[in-house]
Each structure stands twice: as C-alpha cells, then as structure tokens.
1. Taking the Cα centroid of segment 200-216 and of segment 159-180, what is the distance between the two, rounded to the nearest whole Å?
2. Based on a Kirkwood Rh over C-alpha pairs, give the Stokes-Einstein translational diffusion coefficient of segment 271-394 at 4 °C and viscosity 1.567 mPa s in µm²/s.
3. Alpha carbon centre of segment 63-88 versus segment 245-286: separation in Å?
4. Once amide H atoms are placed 1.01 Å from N in the peptide plane, what residues at a sequence separation of 5 or more from Trp166, or on another chain, have their amide H within under 5 Å of its amide H?
5. When the chain is treated as a GNM, springs tying every alpha-carbon pair under 10 Å, which of Ile292, Ile72, Ile212 comes out with the largest mean-square fluctuation?
6. Show the residues, 5+ positions off or on another chain, whose built amide H is closer than 5 Å to the amide H of Met353.
7. As I understand it, the dipole of the chain uses +1 on the Cβ of Lys and Arg and -1 on the Cβ of Asp and Glu, about the Cα centre. Which of Ile202, Ile266, Val239 lies farthest toward its positive end?
8. Please name which of Ala280, Ala36, Ser365 has its Cα lying farthest along the dipole of the chain towards the positive end, using unit charges on Cβ (Lys, Arg +1; Asp, Glu -1) and the Cα centre as origin.
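Readers should treat all values here as calculations from the given coordinates under stated rules, not as data from a laboratory. Keep in mind the model is a prediction, meaning the values are calculated, not measured. Ideal geometry is used to build each Cβ from the backbone, glycine not excepted, and the neighbour counts take in all protein chains shown.
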Amino acid sequence: MATATIHTTQLLAVQAPVEIDQTSSNSGFGRPRLEALTTLRFLAAIHVILFHLKVEGLLTGGTWFYQNFAGIGYIGVNFFFVLSGFILVYTHAAGDLDPSRFWKARFARIYPAYLLSLAVTAPFFLFALRHLDLPFFAWSQRHLVLAACLTLSLLQAWIPQGALTWNPVCWSLSVEAFFYSMFPFLLRWTRALPGRKLLFWIGTFSLTSLAISVAYILVHPDGLAKINSSETTLLWKNVLSFNPLLRLPEFLVGVLIGRLFLTRKIDARLGSICVLGGSAAIVVITLLATTIPNPLISAGFLSPAFAAIIFGVAQQPRWTQFLTFRPLVLLGEASYSLYLLHSFVMSNAFNAMPYLPHGMRVALSVAAAIGASLASYEFIEEPARKLLRPKRVA
C-alpha cells in the first residue's frame, strides 16, 4: 500500500492546484465575496482528480476527448496561480496594505493544513526513502535533512531536484510563498498603471511564459527526446516547471487582470464573452493536446484563457449564478485541503476496498478525498486561521 500511495503522490506533483484564499474578500474594504470564483477552485481540483484517475489506470475508457481532457489535468496549477493574483488584488487593492500583517495572515491561512499534509505523508515518505529504490526520491535520500528543512520552510521549489520532496504537491505552495513575499510590492506597482498599460503588461507577461516554454523546446537542454517526457528527474524540465521566478508571470497576469477588473464597471455581457472565449481556448487545447509539446501546456500557455474566465465570471453573468450555490462554494473553500490530501486519501481508500466493484471503489475513493478535505477545512484550516491571523486594530 505504501508503494501505491507514493506512486500516486509522485504523479500529482506536476499539476496540483494551489491554495487561494478568498475568506477575507468580504472584510476590511467592503467588497462582497466573489463566491463563483470559489466554486471554480473546486472544479479545477476535480480536473486534477480526473488526471490522477487516468494516469493511475483507475478510470480508463471514455471518449478520446475525455481522455485528452483528463490527460491535461496538470493545467490546474496554472489556473490557480492566475486566480491567486486576481483574488489578492480584489481583496487588498482598496486600502494601504501592511506587508507584515499580510504575510502573517497568509501564514495563518496556508500553513496549518500544509503542516497537516506533511504529518500525514511523512511515514510513507520515510518508508520510500528506506525501502524503495525510486529515482524520484534520489535527491531526498542524499540530502534528507536539507530536504526536510526546505519543505518545512516552503523553499523546496528553488531546488530543481528537490522540489517534489516529502509531499510532492507542496512545491506549488513554495511557489505561492514567493508570490506572497512579492505581492505588497507588486500591488503598489500596479496602482499607477492606467487601463491601456494594464492590457499591455498582461500581454507582455503572457508572452513571457510562452517564450520561456518555447526556449526550452528549442534549446532542449535535457535532450530532444525528453521534451514531452513525464520524468521527474530532468534538471531543466524541473526548473521550467517549478522555479518560482519562471512561474511568476502567471501570477502577474492574475494581479493585472484583478486590477483591470477594479477599473471597470460590471458588464455581464462582456463577462459572458470572456468566459466563453476562455473556455473555447481550453477546448481547442484539449482537442490538440496530443500534438502540442507538453512544456507549452504545462507552464503558463493558458494564462490568458484562465484570466479571461476569471475576469468573466467576476462580471457575474446571470447564467453563471449556479456557481454561487452554497454547497459548491463550500467545496471550493475546502479545495486547498483537497489538493493537499486527495492523492494520499484516494490511493489508500482504493487499496482498502479490493472486495468492491471497481467503479464503486473509484467513486468511494473520490468521496473519501472530498470528505477528508471538508473535515480538514472545518477542524484544521478555519480554527487555525482564526487563532493565528493578526487581530484588527480598532
């Protein structure tokens, strides 16, 4: 069972979504929560789960379109980086942001559940280091103390061969920690940008992500045959996938689209156009997924499409109101824990039910992961956030 759990966790490393907080969107500056965006977090997490069900062979079959769609579930991380920038601007742009209070609030929001995930996965990680000869854990075997320290301090993504150590999904939290460290300064920079400049910089950073991926494909420093490889020990592919500086343009697109949203009046018609346009782009990428080099899809290629969807849903077209259905919003609020725990829970739940029909095992495994995420949100995330977040000064 340990081997299966670790294998599933390994596969999660390239696409797991990142936590984005909107819990403070209705505080401080009088802005209402954009609950539809919270639901989008859950839908992105489901895409990730579909990816795992496919690559683990747990849910095979289906149409070729479904197979393509499930096969690019790793784009969830790109979506969450863009959404993170948007929500943080929406939440904090109306007032003077105190960097110290902001960083403390971010710590209170992400670290308790993050630490829980490390505690849950630690026995399997240590078992793998000691008993399993996995190339995936080779760097951690040689540098165990350093790997542990980097992971606990959210710095692992800066080390290409160590980004996926311990609980591999946590690499994206390491990247987000860098985004958080930069956000107060980025927010200040965007305040002076007029609308046309915002559009210019959105295009510039979108093209930057594309250029980085194209450069990797053209230079192919890991070897031409490795461009589409899913290996997790390729040095430069890991740099492209995990380095916080190279992922920063995706976050910046979200920051800028958030600022653009705040400069405009709500326009439901424009929102519909944006949502449909962004969704159409994802459909096209799904149709062509097997013909497009993997680095283009996985590292920022879809930032403009995701930005359009987020911007459009935030305009609150009437037909998107189903996204504000409270049970869906609750699942979106728990999606951070779902991201951190679902691989571990699903693989163990599936292995614990060999006597059940295959389809039922899959369904119950997914249900167990969702249940675990709701429990973590209710009993770990929210209580810890309320306890640790900085108190407001009257």
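1. Distance between centres, Cα-based: 22 Å.
2. The Stokes-Einstein estimate is 73 µm²/s.
3. Segment 63-88 and segment 245-286 have Cα centres separated by 14 Å.
4. none
5. In the Gaussian network model the winner is Ile292.
6. Counting only residues 5 or more places away or on other chains, the set is empty.
7. The residue sitting farthest along the positive end of the dipole is Ile266.
8. Ala36
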